[in-house]
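Quick notes on the structure that follows.
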Amino acid sequence: MLEQIAAGEIGRYIGRRDCIILDVRDKAEYEAGHVIGAKLMEVWKLEKLLGATTGKLRELPEPILVLYCERGGESLRMARYLSRRGYQVKNVTGGMKQLRNHREYLERGRY
């Protein structure tokens, strides 16, 4: 199942044991600033994992996956793919571009 969420809703998922927040931007963008507790999973790495297996990924656990990128397009593409594979996925509409308006949920970097 795939659901689009607004950037301001990300706080509902930070720190939850049943959620993993994935930043699918590149390492430099992640290091410049990211959502609190987000794990870096660059799109190319995720695509490589997805292309190397059929069915569900052992590398990704079963919790809710919350994805974001810079503007929302790449993460939406990955979210759709993961959803079709049976994962419960949330995509942050507008990505970091919108998340920067909610600095209370971000760490590192300058905004």
Against the definition (at pLDDT 90 or above and of a type in the set (A, V, I, L, M)), how does residue 43 come out, yes or no? no
Filter result (among the hydrophobic types (A, V, I, L, M, F, W, C) and surrounded by 14 or more Cβ atoms within 10 Å (Cβ to Cβ)) within the range 1-21: 2, 5, 7, 10, 14, 19, 20, 21
Within the range 17-46, can you find the residues that are farther than 16 Å from residue 72 by Cβ and in contact (Cβ under 8 Å) with a residue 24 or more places away in the chain? 17, 18, 19, 20, 31, 32, 33, 36
Among the residues of the range 79-111, which ones are assigned to a loop (DSSP other than H, G, I, E, B) and either among the polar types (S, T, N, Q) or within 15 Å of residue 4 (Cα to Cα) (or both)? 87, 88, 93, 94, 101
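The values are calculated or read from the model by the stated rules, or taken from the named source; none is laboratory data. The model shown is predicted, which means the values in this text are computed figures rather than measured ones. For neighbour counting, all protein chains shown are included, and Cβ atoms are generated from backbone atoms with ideal geometry for every residue, glycine included.
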